[in-house]
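S.K.: So that we are looking at the same thing, I have put the structure below in structure tokens.
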Amino acid sequence: MDDIEKLKTENKKLTDIIAAKSDVISIGAHQLRTSLTALKWILKMFSDNDLGTLTDEQRTYIDQALTSNERMITLVSSMLAFNHTDGVTAAPKLQDVDIEQLTSDVAGGFHGETLKKNITLTTTKPAFPVSHITADPEMIRVVLECLVENAIKYSETSGKVTVTIEEKNGMIEVSVHNNGIVIGQKDKDHIFQKFFRAETVKDAQIPGSGLGLFIAQSIVQQHKGTLSFTSSTDAGTTFCVSLPVA
Amino acid sequence: MKKILIIEDDIFLQGLEAGKLQKSGYTIMSARNGAEGMQKILEPGIDLILLDLILPDYDGFEILKKIRATEATKNIPVLVFSNLSEEADVKKAKSLGSTDFMVKSNFTLDELADHIKSLIK
């Protein structure tokens, strides 16, 4: 019994340490975002000639600084997402999840981002309600947010992003499609690697940390599901998360 | 001219927000902390409140509660403008009656002004 009590005490200490570190990350991220916000707004004012007309050379540097700043903002968001999933090593807290409702909530949260690029984001509901899944809803939310955010980020202005839910052979499939930047053939085998970013998005100078899909795949695998994708110039890019029915 | 109350403790950010919104044609009032915010929300003629959540004394959620609980202010649109972005914070703001929620670092000042224009036409 002594050993069990010792284990319980050690476990409580570790849980407290993890919670304290998580708080430090959350607070740190908030402070970082405050400074990055100020920098973003000022750089944008320079870029828009609100503070006087820039020379070509000045504009080049200001635009590079803006891109770099956006990359930092994205990295902070990724840190927060990673923090939220307990570093993707903790066991999911399983419960009954209505995937249709969760998907709808996630899509609704991107209203502002779709307005910025005039993107049409559509969620296609299945003809009949799909079965629920047994999952950690906050972890699955992270997965869906990653896929929708990427679809919007890599879409052209005025593009379309479509989210579809289907039930097939005991699995619930949520697919997110866009007709924007395509993943090149040589990058397809690496797309889920930590910190990997495809050449096409680096060439387009779209900021990103390379952590989102790595985290998403880890979560889906923990839930005994799969995360797959197709990407071509003709058909666009579709990411599909497939999870077992409860 | 429509009137906006900015409740934001970071003086630099507050100045940038006020400057942009004044150029966009709004009259601006501002508060630097929760106590000041709690008083200024009661001033007449406010068309929108731009509300930060992390303030040195009260948090923005308490101010939002008061806005919705007060007869004179309960229908004023409240745009929560914060660098908190956790789902729990967004849900809490919504449940307390926020009109919308924007994460500051995700938007430029132009996008803020455009969104406010859509909220108080």
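The values are calculated or read from the model by the stated rules, or taken from the named source; none is laboratory data. Since we're looking at a predicted model, the values are computed, not measured. Glycine also receives a Cβ, built like all others from the backbone with ideal geometry; neighbour counts cover every protein chain displayed. Note: areas computed on protein heavy atoms with side chains; ligands, DNA, RNA excluded. Shrake-Rupley method; radii C 1.70, N 1.55, O 1.52, S 1.80 Å.
S.K.: Please list, in order along segment A:137-154, the HN-Hα scalar couplings obtained from phi with the Karplus expression 6.51 cos²θ - 1.76 cosθ + 1.60 (θ = phi - 60°), rounded to whole Hz, x for Gly and Pro.
M.R.: x, 6, 5, 5, 4, 4, 4, 5, 4, 4, 5, 5, 4, 4, 4, 5, 4, 9
S.K.: Now, a different point. How about segment A:12-50: which of its residues lose at least 10 Å² of accessible area in the presence of all protein chains relative to their chain isolated, using a 1.4 Å probe?
M.R.: A:His30, A:Arg33, A:Thr34, A:Thr37, A:Ala38, A:Lys40, A:Trp41, A:Ile42, A:Lys44, A:Met45, A:Asp48, A:Asp50
S.K.: Find how many whole Å separate the alpha carbon centroid of segment B:27-102 from the alpha carbon centroid of segment A:164-230.
M.R.: Spelled out, the Cα-based centre of one part sits 37 Å from the other.
S.K.: Sum -39500 (n - 2.57) across every DSSP H segment of at least 4 residues in chain A, then divide by the residue count to get the 222 nm mean residue ellipticity, nearest 500.
M.R.: Calculated mean residue ellipticity at 222 nm is -17000 deg cm²/dmol.
S.K.: For chain B, report the accessible area per residue in Å² (1.4 Å probe, heavy atoms, rounded to an integer).
M.R.: Computed with neighbouring chains in place, this is 45 Å² per residue.
S.K.: Show me, for segment B:34-50, the HN-Hα J-couplings you get by feeding each phi into the Karplus relation (A = 6.51, B = -1.76, C = 1.60, θ = phi - 60°), rounded to Hz, glycine and proline as x.
M.R.: These are the phi-based 3J(HN,Hα) values: x, 4, 5, x, 4, 6, 6, 5, 7, 5, x, x, 7, 9, 7, 10, 9 Hz.
S.K.: Taking every eigenvalue of the Cα gyration tensor of segment B:70-118, multiplying by 5 and rooting it, what semi-axes result, largest first, whole Å?
M.R.: Values: eigenvalues 76, 52, 8 Å².
Equivalent ellipsoid of segment B:70-118: 19, 16, 6 Å, largest first.
S.K.: If amide hydrogens are placed 1.01 Å from N in the peptide plane, which non-local residues have theirs closer than 5 Å to the one on A:Thr123?
M.R.: Correct list: A:Val163.
S.K.: Still on this structure, I have one more. Convex hull over the alpha-carbon atoms of segment B:40-94: what's its volume per residue in Å³?
M.R.: Working: hull volume 4.2 nm³, N = 55.
Cα convex hull per residue, to the nearest whole number: 77 Å³.
S.K.: Would you tally the net charge around A:Ser155, using a Cβ to Cβ cut-off of less than 12 Å, leaving A:Ser155 out, and scoring K and R as +1, D and E as -1? Let's see the in-between values first.
M.R.: Working: positive: A:Lys116, A:Lys117, A:Lys153, A:Lys160; negative: A:Glu113, A:Glu149, A:Glu156.
Around A:Ser155, the charge tally is +1.
S.K.: Rounded to whole Hz and in sequence order, give me ³J(HN,Hα) for segment A:183-191 from the Karplus expression 6.51 cos²θ - 1.76 cosθ + 1.60, θ = phi - 60°, writing x for Gly and Pro.
M.R.: Per residue, the Karplus-derived 3J(HN,Hα) values read 7, x, 4, 6, 9, 5, 6, 10, 4 Hz.
S.K.: Roughly speaking, what % of Cα-Cα pairs in segment A:125-184 are separated by over 12 Å, rounded to a whole number? Please list the in-between numbers first.
M.R.: On the way: 1270 of 1770 pairs.
Above the 12 Å cut-off, segment A:125-184 has 72 percent of its Cα pairs.
S.K.: Could you tell me what percent of the DSSP beta bridges with both partners in the protein assembly as shown are antiparallel, to the nearest 5?
M.R.: Values: 27 of 49 bridges.
If we restrict to bridges inside the protein assembly as shown, about 55 percent are antiparallel.
S.K.: For segment B:71-114, run through the trypsin sites (Lys or Arg not before Pro) and keep only the ones in DSSP coil with at most 13 other Cβ atoms within 10 Å of their Cβ. Before the final figure, lay out each step's value.
M.R.: Working: sites: B:Lys74, B:Lys91, B:Lys92, B:Lys94, B:Lys104; in loops: B:Lys74.
Answer by residue number: B:Lys74.
S.K.: Per the Kirkwood definition applied to all pairs of different Cα atoms, how many angstroms is the hydrodynamic radius of segment A:124-246?
M.R.: Value: 14.9 Å, from the Cα pair sum.
S.K.: What value does segment B:1-114 have for Rg/Rh, both radii from Cα atoms and Rh as Kirkwood defines it?
M.R.: 0.92
S.K.: Chain pair A, B: how much accessible area is buried, both chains summed, with a 1.4 Å probe, in Å² to 100? Before the final figure, lay out each step's value.
M.R.: On the way: alone 14440 and 6420 Å², together 18840 Å².
Interface between A and B: roughly 2000 Å².
S.K.: Across bins of 20 angstrom width beginning at 0, how are the C-alpha pair distances of the protein assembly as shown distributed, in whole percent?
M.R.: Per 20 Å bin, starting at 0, the Cα pair percentages come out as 25, 55, 19, 1.
S.K.: Carbon-plus-sulfur fraction of the accessible area of segment B:1-43, 1.4 Å probe, in percent?
M.R.: After summing per-atom areas, the C and S share lands at 48 percent.
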